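What follows is a set of notes on a single structure, which appears directly below.
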Amino acid sequence: LEAWKDSTLHKLLEARRGGEQRDLRLEKLLRGYLVVVVIAGVVGGLWWWWHTGEWARALQVMISVFVVSCPCALGVAAPLADDIAAARAADQGVFVRTLGLWKKLTRLRQVVFDKTGTLTLENPLLINPAALEELDDNARQVLRHMTSGNLHPVSRSLFDALGGMADEGLGSEVSEEAGHGLRCEHAGAVWAISRPQDAGADAVFTRDGQTLCAFRFRDALRAESLAQVEELQARGLRVNILSGDREAKVAAIAEQLHLQREQWQHSLTPEEKAAWISSHEPQGTLYIGDGANDSLAFDAAACAGSPVTGRSFLEHKADFYFLGHSMRFMSGLLDIAATHRRAVHAVFGFSVTYNIVTVIVGLMGHLSPLLAAILMPLSSVVTLSIVAVLFRRAGAERKHPEPSVSEDACVVAC
C-alpha cells in the first residue's frame, strides 16, 4: 500500500496547486478598477467641497463612493466560477490543472487525438503471443528487462504477455527515443524494440539488427468514442487523429469513428505532430494524448488533456487529466466551459451595471454611507448567487435533458 500523499488520486486533487494559481488579467483589471474608484471618489468629494463649501457633505460623498463600489463580482465570483466548474468536472472524472482552461475551451476550433492509449484503451492486445515462444530464455529475459520499466502501451502489453518470468536483474541500461522505440546493450549485443519497415507487424524485437520476432496487436476503442466524436462534430468542431502508428492501424480506428481520410495522419514523429498542429489553427486546438511522444504537440496546442496513467511525462503540461476507460467526459467538459463563460459574463455585466449606477448616485449626493454599506454586501450576495444558480440550472438540464422532437412524436404516437 502507498501513502495518501504518494497516491495518484492525491496528486490529481492537488494538481491545480502546480498549475496557474493567479489570473494575472483579473488582477490587472481589479487594480485598474480600484484606481478609477479612488480617483472618482476623491474628485467627487473635491467637487462638492468646492461648489458647496460643506466639507462634511463632500466627505460623505467620497466615503459613499468608496464603500458602495464593489469589486467582489470579479474578485470573488469569478474564482468561485472556476472552483464550481472544476468541481463539476471532477464529478465526471476530469481533474483541471490550469485556470485558463475554461476560456480556451470556449474558443476551440478543433480537437486532435493521439490514437494509442488515448482513443484506444491503454494496453493493446497481443494477438500473436506464440511469437514469444520463438525466443530463447536469454532473449525473453532481455525483452522482459527492456519492457519492465517502460510505460509505452506496446511495452506494457509485452511485459504482461511474458507472464511471471523471474527478473534476473540484468542491470543493462535501456534507452528510449520517443516515437522510435527502445534500445539496450547487453552481453555484447544491441537489442531493440522498434517500429518495423513493413506493414505486417506492429513492433519487432531485434538483436544486432536481426529480427528475432515480430508482434501484432489489436486496439480497442474507449467506450463512447464514436458518440463523442459525432457530438464534437455536431458542435462544429473538427476532429483529427495524429498517430505514430502505421497506416493500417490508424485507418481501422478512423473507420470505426467514421472519419474521412483527411481527418487522420499516420506514422508521425513527435516533431511532425507538433508541426501539423502549428500549421492548423494551434490557438483553437485541444490536443489529447498520453505519452512522451505527445509532449511537443502539447506545447503547440492551445490546451491539452491526458488520461491518468500514473506516469509523469506530461504532468506539468496537461491542462486537465481524465480517469476511466470512457471518452464520455468530452461533451460534459465543453458544457461546463460554456456554463462557466455564461456565469462570468453575467457576473461581469451585473458588476459593471451596479458600479456605474451606484457610483453615479453617490457622486450626485443621493447615497448615504449607511445605505452604501448595505448595498455593497448585497451586491456580493447577488453576484455569488448568479454563479451558483447558473451552474445549478446547467447541472439540472444535463441530468434531465429536454426530449427531442422524435421522442415527443414517439410519445404522442404511443
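For a Förster distance of 30 Å, can you work out the FRET efficiency between the beta-carbons of A187 and R216, rounded to the nearest 0.05?
0.60
Please give the net charge around Q265, taking every other residue with its beta carbon less than 14 angstrom from that of Q265, where Lys and Arg add +1 and Asp and Glu add -1.
Taking every Cβ under 14 Å from that of Q265, the sum is -1.
For every other residue with a beta carbon closer than 11 angstrom to the beta carbon of A304, add +1 if it is Lys or Arg and -1 if Asp or Glu, then tell me the sum.
-2
Taking springs between alpha-carbon atoms closer than 10 angstrom, which of A187, A58, A223 fluctuates most in the Gaussian network model of the chain?
Result: A187 has the largest fluctuation of those listed.
Full-extension gain between H345 and H258, please, as 0.36 nm times their residue separation minus the C-alpha to C-alpha distance.
Computed gain between H345 and H258 is 27.7 nm.
For region 83-97, take each phi angle, set θ = phi - 60°, evaluate the Karplus expression 6.51 cos²θ - 1.76 cosθ + 1.60, and give the result in whole Hz per residue in order, putting x for glycine and proline.
So the Karplus estimates, Gly and Pro as x, are 5, 5, 4, 5, 5, 4, 5, 4, 4, 9, x, 10, 10, 8, 9 Hz.
Suppose R0 equals 45 Å; then what is the FRET efficiency for D83 and D136 from their Cβ-Cβ distance, rounded to the nearest 0.05? Intermediate results must be reported in sequence, preceding the final value.
Numbers: r = 58 Å, r/R0 = 1.30.
That pair, D83 with D136, gives E of 0.15.
To the nearest 20 debye, what charge dipole does the chain have about its Cα centre, counting +1 at the Cβ of each Lys and Arg and -1 at the Cβ of each Asp and Glu?
On the way: 40 positive and 47 negative charges, 399 e Å.
In total the dipole reaches around 1920 debye.
Between H316 and T52, take the C-beta separation as r, use R0 = 45 Å, and let me know the FRET efficiency to the nearest 0.05.
On the way: r = 61 Å, r/R0 = 1.34.
That pair, H316 with T52, gives E of 0.15.
Express as a percent, rounded to the nearest 5, the fraction of DSSP beta bridges in the chain (both residues included) that run antiparallel.
Values: 25 of 42 bridges.
Percent antiparallel among DSSP bridges in the chain is about 60.
When the label point is put 7 Å from the Cα of H180 along its Cα-to-beta-carbon vector, which residues of region 247-287 have a backbone N closer than 20 Å?
247, 266-276
What is the antiparallel percent of DSSP beta bridges lying wholly in region 70-193, to the nearest 5?
About 100 percent, rounded to the nearest 5.
Under a plain spin-label model, where a point goes 7 Å from the Cα along Cα-to-Cβ, how far apart in nm are Q233 and L34?
5.2 nm
Kirkwood hydrodynamic radius for region 44-196: how many Å is it when counted over pairs of different Cα atoms?
By the Kirkwood definition, the hydrodynamic radius is 22.1 Å.
For the chain, set up a GNM with springs between Cα atoms under 10 Å and report which of V387, V61, V111 has the largest fluctuation.
V61
Using a simple spin-label model with points 7 Å from Cα along the Cα→Cβ vector, what separation in nm is obtained for D208 and E247?
Here the modelled spin labels are 3.5 nm apart.
If you add up the charges near Q110, with Lys and Arg at +1 and Asp and Glu at -1, over every other residue whose beta carbon is less than 9 angstrom from its beta carbon, what do you get?
Computed value for this residue: +1.
Among C184, C213, A203, flag the residue with its Cα farthest along the positive direction of the charge dipole of region 125-218, charges on Cβ as +1 for Lys/Arg and -1 for Asp/Glu.
Checking the options against the dipole of region 125-218, the answer is A203.
Per-residue ellipticity at 222 nm for the chain, helices alone: DSSP H runs ≥ 4 residues times -39500 (n - 2.57), over residue total, nearest 500 deg cm²/dmol?
Per the formula, -15500 deg cm²/dmol.
Which of P124, P79, P377 ends up with the largest GNM mean-square fluctuation for the chain, with Cα atoms connected below 10 Å?
For the chain, modelled as a Gaussian network with Cα springs under 10 Å, the answer is P377.
What size of dipole, in debye to the nearest 20, comes out for region 125-218 about its Cα centre when the only charges are +1 on Lys and Arg C-beta atoms and -1 on Asp and Glu C-beta atoms?
Dipole magnitude for region 125-218 comes out near 300 debye.
Want the number for A223 to S194: 0.36 nm per residue separation, take away the alpha-carbon distance, what's left?
This chain segment gains 7.5 nm when fully extended.
Take the chain, compute every pairwise Cα distance, and split them into 10 Å bins from 0; I just need the percent in each bin.
4, 18, 22, 19, 14, 10, 7, 4, 2, 1, 0
Only the coordinates and a few stated rules stand behind these numbers; no lab work does. Because the structure is a prediction, the values reported are computed rather than measured. Neighbour counts run over all protein chains shown; Cβ positions are idealised from the backbone, glycine included.
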